[in-house]
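Chemist: Can you read through this structure? Questions will come right after.
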Amino acid sequence: MKRIGILSDTHSHWDDKYSLYFADCDEIWHAGDIGDADLLDRLEGIGPKLRAVSGNIDHGEVRRRCPELLIFDCEGVKVLLTHIGGYPGRWAPGMKRLLREEGVKLMVDGHSHLTKVMYDPELDLLHINPGAAGRQGWQKQRTLIRLTIDGADMRDCEVIELA
């Protein structure tokens, strides 16, 4: 069983609440638009494992350290982490095919600054967009997500609003 902290679209903004809410997490996943490599270092300081992908605003060291897409296994669940992926019914070009071919059961992305937790019955997968954790953008509320993955059981999904 693993507790996962998920965020996206920080745009170089650090908030001490990241540490507060992710302190008990086994992994932290950042779905792109990190902004600054120092933010990666600070997130790595919170927990035992950080997985991060680059987004469309990322460059330099962030691009060197973070691929655009990660596919990995977490507690027996195939996960795809990217920045621009779309969502059920409106997948980005080629994404639906990739999700199906890879047997992904949890897809996490960012970019839209809109928090979404949706099940796709056609692909039998859970889609999560944690919204934006940073201050840049048009979102009304900054958000993070925590999730427990215990084998095929994904539960205790919490959307956390940052004041």
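Chemist: If ligands, DNA and RNA are left out, what is the accessible area of ASP156 with a 1.4 Å probe, given in Å² to the nearest 10?
Modeler: In the full protein context, ASP156 sits at about 90 Å².
Chemist: Taking H placed 1.01 Å from N in the peptide plane, check which residues at least 5 places from LYS116 or on another chain put their amide H under 5 Å from its amide H.
Modeler: Here ASN129, GLY131 satisfy the definition.
Chemist: Return the long-range amide H neighbours of GLY134 (sequence gap of 5 or more, or a different chain), with a cut-off of under 5 Å between placed amide H atoms.
Modeler: The answer is THR10.
Chemist: Run the numbers on segment 48-118 and let me know its relative contact order in percent, using alpha-carbon pairs under 8 Å that are six or more apart.
Modeler: Relative CO of segment 48-118 lands at 28 percent.
Chemist: Under a 5 Å amide H to amide H cut-off, with H placed in plane at 1.01 Å, what residues pair with LEU125 once short-range neighbours are removed?
Modeler: HN-HN under 5 Å from LEU125: ASP120.
Chemist: Related question: Using the C-alpha gyration tensor of segment 62-134, what are the square roots of 5 times its eigenvalues, in whole angstrom, with the largest one first?
Modeler: 18, 15, 12
Chemist: Take LEU39, LEU126, LEU114 and sort them by solvent-accessible surface of the protein heavy atoms, 1.4 Å probe, largest at the top.
Modeler: On the way: LEU39 5, LEU126 35, LEU114 70 Å².
Listed by decreasing accessible area, they come as LEU114, LEU126, LEU39.
Chemist: Taking only the alpha carbons of the chain, what extent do you get along each of the three principal axes, in Å, biggest first?
Modeler: 38, 32, 31
Chemist: Convert each backbone phi in segment 56-72 into a coupling constant with the Karplus relation 6.51 cos²θ - 1.76 cosθ + 1.60 (shift: θ = phi - 60°), then list the ³J(HN,Hα) values in order as whole Hz, x for Gly and Pro.
Modeler: Calculated HN-Hα couplings, in order: 5, 9, 7, 8, x, 4, 4, 5, 5, 8, 10, x, 7, 8, 10, 10, 8 Hz.
Chemist: Still on this structure: Tell me, what ³J(HN,Hα) does each residue in segment 102-116 have, in order and in whole Hz, if you take phi through Karplus 6.51 cos²θ - 1.76 cosθ + 1.60 with θ = phi - 60° and put x for Gly and Pro?
Modeler: My calculation for segment 102-116 gives 7, x, 5, 10, 9, 10, 10, 9, x, 6, 6, 6, 10, 6, 9 Hz in order.
Chemist: Using θ = phi - 60° and the Karplus form 6.51 cos²θ - 1.76 cosθ + 1.60, what ³J(HN,Hα) does each residue of segment 4-11 get, whole Hz, x for Gly and Pro?
Modeler: 10, x, 10, 8, 7, 6, 7, 6
Chemist: Continuing with the same structure: Measure up LYS49/LYS96; LYS116/LYS140; LYS17/LYS49; LYS2/LYS105 against 20 Å on the Cα-Cα distance and list the ones that go over.
Modeler: Violating the 20 Å limit, Cα to Cα: LYS49/LYS96.
Chemist: Could I ask something else about it? Over the chain, what is the mean sequence separation of C-alpha contacts under 8 Å (at least six apart), divided by residue count, expressed as relative contact order in percent?
Modeler: The value is 24 percent.
Chemist: Sticking with this one: ARG135: accessible area at probe 1.4 Å, nearest 10 Å²?
Modeler: 150 Å²
The values are calculated or read from the model by the stated rules, or taken from the named source; none is laboratory data. Because the structure is predicted, anything quoted here is derived from the model rather than measured. Calculation scope for accessible area: heavy atoms of the full protein, side chains included, ligands and nucleic acids excluded. Shrake-Rupley method; radii C 1.70, N 1.55, O 1.52, S 1.80 Å.
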